[in-house]
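The values are calculated or read from the model by the stated rules, or taken from the named source; none is laboratory data. Quantities reported herein were computed from a predicted structural model and do not represent experimental measurements. No Cβ is skipped: glycine too gets one built from the backbone with ideal geometry, and neighbour counts run over all protein chains shown.
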């Protein structure tokens with residue numbers, strides 16, 4: 001059983017629409033991360049989240065992106081107005097003082 | 001800033017042959033190094049890690065890697081390839097300068113697709 005479950009597994013949306021990607025860890029964790037992988041490119045760090053705050057973010061994580069833990073368990077990534085270039089695989093990960101455990105990812109396709 | 005280079009985007013071996021996937025890194029501090037594997041339509045699974053101590057580390061599925069500081073390398077090997085090893089493999093280095101959540105801020109290489117022929 002995976003330590004991290006991501007939903008949905010696939011998401012197709014139109015350009016300009018908002019999307020919310022969800023991540024549910026199997027047990028309580030304090031450290032959360034989002035990564036993305038554009039097809040054919042490297043896996044890239046987006047943001048880290050600790051104690052209900054963003055602790056670090058990359059240049060990719062601009063004002064169109066946000067993260068939160070709305071109910072203390074789910075961890076979400078929101079893209080407010082999607083662009084074609086947001087099409088990618090998005091991975092949630094949990095960790096901290098141990099190697100990251102990744103979810104199976106959400107494949108986002110923006111048309 | 002850290003960087004990772006994986007030599008060879010595709011590696012093809014015969015079943016039973018040695019697997020060697022190359023990884024070189026750059027880091028301004030002693031690195032934490034990782035190999036992850038990604039099977040089709042799945043997430044990234046940790047194969048092995050190097051933090052401190054013994055430079056030869058063993059992982060799951062018979063894989064191992066050796067940290068060589070002088071060569072800034074962390075190559076992944078397996079003595080005998082199985083068909084089930086076919087996947088994409090990623091080398092990654094952890095950003096330790098910030099501490100805390102930076103343990104999980106990984107810089108990945110571009111990945112190496114391993115194909116295993118019967």
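Every residue, every condition in (1) part of a strand (DSSP E or B); (2) at pLDDT 95 or above; (3) on the phi > 0 side of the Ramachandran plot, yes or no:
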residue: A:33; (1), (2), (3): yes, no, no
residue: A:48; (1), (2), (3): yes, no, no
residue: A:55; (1), (2), (3): yes, no, no
residue: A:62; (1), (2), (3): no, no, no
residue: A:71; (1), (2), (3): no, no, no
residue: A:77; (1), (2), (3): yes, yes, no
residue: A:93; (1), (2), (3): yes, no, no
residue: A:99; (1), (2), (3): no, no, no
residue: A:109; (1), (2), (3): yes, yes, no
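Selection of the stretch A:48-84 for residues being in contact (Cβ under 8 Å) with a residue 40 or more places away in the chain and either within 13 Å of the chain's Cα centre (by Cα) or closer than 14 Å to residue A:18 by Cα (or both) yields A:74, A:75, A:76, A:77, A:78, A:79, A:80, A:81, A:82, A:83, A:84.
Yes/no matrix, rows are residues, columns are (1) crowded, with 20+ Cβ neighbours inside 10 Å; (2) farther than 17 Å from residue A:106 by Cβ:
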site	(1), (2)
A:13	no, no
A:26	no, yes
A:30	no, yes
A:33	yes, no
A:40	no, yes
A:44	no, no
A:50	no, yes
A:68	no, no
A:80	no, no
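Per the conditions (1) closer than 20 Å to residue A:44 by Cβ; (2) under 12 Å from the mean Cα position of the chain (by Cα), the sole criterion not satisfied by residue B:43 is (2).
Filter the stretch B:7-30 down to residues that are within 13 Å of the chain's Cα centre (by Cα) and closer than 25 Å to residue A:94 by Cα and give me whichever is surrounded by the fewest Cβ atoms within 10 Å (Cβ to Cβ). The residue in question is B:25. Looking only at the stretch B:51-71, residues that are within 14 Å of another protein chain (Cβ to nearest Cβ) and crowded, with 19+ Cβ neighbours inside 10 Å come to 2 in all. Within the stretch B:77-97, is even one residue out of contact with any strand residue (DSSP E or B) (no Cβ under 6 Å at 6 or more places or on another chain) and within 25 Å of residue A:10 (Cβ to Cβ)? No, the stretch B:77-97 contains no residue that is out of contact with any strand residue (DSSP E or B) (no Cβ under 6 Å at 6 or more places or on another chain) and within 25 Å of residue A:10 (Cβ to Cβ). Among the residues of the stretch A:86-106, those identified as touching a strand residue (DSSP E or B) at 6+ places or on another chain (Cβ under 8 Å), closer than 16 Å to residue A:49 by Cβ and facing chain B (nearest Cβ under 8 Å) are A:91, A:93, A:95, A:96, A:100, A:101, A:102, A:103. In the stretch A:2-14, the count of residues that are more than 28 Å from residue B:88 (Cα to Cα) and more than 14 Å from every other protein chain (Cβ to nearest Cβ) is one or more.
One residue stands out in the stretch B:35-47 among those that are part of a strand (DSSP E or B) and modelled with pLDDT under 95: the one that is farthest from residue B:93 (Cα to Cα), namely B:38.
Scanning the stretch B:79-118 for residues that are at pLDDT 90 or above, in a loop (DSSP other than H, G, I, E, B) and more than 8 Å from chain A (Cβ to nearest Cβ), we see that the one that is nearest to residue A:102 (Cα to Cα) is B:86.
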